[in-house]
Amino acid sequence: MRRSVHTRLLALLFAAPLSLALGACGDDDVVAPMADLGADTGTPDLGADLGRPDAGADMGSAACTGCELVELTAGLVHNCVRRENGEVLCWGDNFFNELGDSSDRHRSCPPLFNALPTDCQARPVVVAGLDDAAYISAHLGPTTCGRNAAGAWKCWGREFINTGTGQPNQFRLATDFPRLDGVVQLGTAFSLACGVSASGTVSCFGENQLGQLGDGTTTERRFPVAVTGLTGVEEVHSGGSHTCARIDDGTVRCWGTNESGQLGDAVTPHSACRRDATDVDCATTPVTVATIDDASALAVGGQASCVIRADATVWCWGANYYGQLGNGTLLDSNTPVHVPGVTGATAIAGGGSHFCAIVAAGAVRCWGLNFDSQLGDDATHATCTFGGDTADCSNAPVAVAGVTGATAIALGGRHACVLAGGGVTCWGDNIVYQSGVAGTERVRVPTAVVGIP
C-alpha cells in the first residue's frame, strides 16, 4: 500500500504527499487493491465494482431519451455528470454524502477523513431529488449544487459552512438551497461558495480568514455578501484560500491569500491576514491581474490560477513548487507566465496542484503534480520537493495518453476526468474510486467510467 490520506480535506489540494501504510477496511465489502489497472489486464467491466452488486440501478439504456452527457464537474474526491434530460449521476467519495442518492451503504474504501472506512462508489449513481438540472457545479470540495431552468438551486453533500447548528449540515439528497437564488454561475471550494448574478455582480459566503470572500473583511459569512467593486463578471472560481473572477472586458480580478503570488498583480504586500497565528499577505477586495486583458476562460487551482487568452495560449500565476505554472521552472510567479507547448486551447481546469487544457482535436495536456498519475501519461518526470517531501511532477505540459475528442474537462484534488466519445474518461488518484475504477488506488492512464451508457 502506498500511503494514507491526510485527515484534513485541504491536504488533498496542495499539501505534500504523506507516506504511511493504508490499513485494511473493516467489513466484507472491501475490495483488495488490484495490480496496475492502467494496463489492459483482460478483466471485464472493472468499473462495475468487480462483480459485486451495485448500490444503484443501472443508469439507463441505449434507448434512453435525453441521456446524452452534456456537463461534467469534479469535487475534491468525487465527480458528477449531467444528462441532457436533467438527470445527474455521481461517483467517488461519499463520506459527506457527495453522491446525493440518499444512501451511505455503497462500498468500503480506505479511511480518508477519519479512522473509519470511507463509503464510496465507482459506478455512478443517480442523484435523488433533482431530475431537471440545467447546470451543475462542484470544485475542490465535498459539495455539488445544481440549478434548474427556472433558476432554483439544490445542493447535496457537505454544506459550505456552519449556519448555526454547531457543524455544517450534510445533505443526503439534492436539497433546496435558496441562498443561491439569483446565481447563474457558481464557483465553489471547501467551505466557500461564490456566485455570479445575471447582472454580472458576485456574492460569496463561507470562510474568510484570508479575505477570500472579497468583501473587505476577514469575517466568516453564513449568507452571501457582495464582493467589492465587481461588475461585468463572466465567471468566478475559488481555490479555497483565494478566488478569481473573469470580467467581460478580458481582465481578471483576484482576492484572498497572496502567499505564493496567487493574486497575480505583481504587488507585495497588500494587507496582513492571520492564519494559524501567522501573518500572511492577502487582499480582502479584488485586485487586477497584471498583463491580462483578453482572457476567454479561467481556471483556479489550490494555489495557482490560469487563463486561456484570445490567441488560445495559456498563462498562469501563483505557486509553482510542483510545476503548476507549466513554464519549465519551479519558481512562483506573482504575474502571469506563458505555458509553452499549449496552443489551440479550448478549455482549461485546475486541480489541487495540477492543471489540464483541452487542445486541438480534443487532445489534453496536463502539468504539475503527478504523485497520483494525475497527468495521465503513465510516465515518470522530474522530482519536486515541497515541505520536505518529494513527488513526481512535470513543470511543462505533457500529452495525456489516448484522449481525443474531449469536449469538457474537470479536475479534482488529484484526479482528472473528461467528456469524450459520449462517455466519461478519468485518471489519477482513485483512493475512493473517484476515477471510476474499483480495486485500485490510482488509475495510471485514462480509463472509461463504466455505468454511464
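All of the numbers you see were taken from the coordinates with simple rules; none came from a lab. Just so you know, these numbers come straight off a predicted model, no measurement behind them. As a convention, Cβ positions derive from the backbone with ideal geometry for all residues, glycine included, and neighbour counts pool all protein chains shown.
Checking every one of the trypsin sites (Lys or Arg not before Pro) in segment 65-129 against DSSP loop status and a limit of 16 other Cβ atoms within 10 Å picks out R105. Spread over its residues, the convex hull of the C-alpha atoms of segment 242-314 is 75 Å³ per residue. With Cα atoms defining each centre, segment 155-211 and segment 289-338 are spaced 26 Å apart in the structure. Across segment 107-198, the mean sequence separation of Cα contacts (distance under 8 Å, 6 or more residues apart), normalised by length, yields a relative contact order of 22 percent. FRET efficiency for the L331 to N114 pair, using the beta carbon distance and R₀ = 35 Å, is estimated at 0.40.
Once the Cβ-Cβ distance of R275 and A379 is raised to the sixth power relative to R0 = 35 Å, the FRET efficiency obtained is 0.45.
Using a Förster radius of 25 Å, what is the FRET efficiency between A310 and T201 based on their Cβ-Cβ separation? Nearest 0.05, please. Efficiency computed from Cβ-Cβ geometry: 0.55. The Cα atoms of the chain cover 56, 47, 44 Å along the three principal axes, with the biggest extent listed first. Taking 13 Å as the cut-off, the amide N atoms of segment 233-277 that come nearer than this to a point 7 Å along the Cα-to-beta-carbon line of D293 belong to 249-252. Of interest is the spacing of the C-alpha centroids, which for segment 404-444 and segment 343-371 amounts to 13 Å. Net length available on complete extension from E84 to D104 is 4.5 nm, with 0.36 nm assigned per residue and the Cα-Cα distance removed. Whole-Hz Karplus values for segment 251-259 come out as 8, 10, 10, 9, 8, x, 5, 10, 4 Hz, taken residue by residue from phi with 6.51 cos²θ - 1.76 cosθ + 1.60 and θ = phi - 60°; glycine and proline positions read x.
Pairwise Cα distances in segment 177-252 exceed 16 Å in 40 percent of cases.
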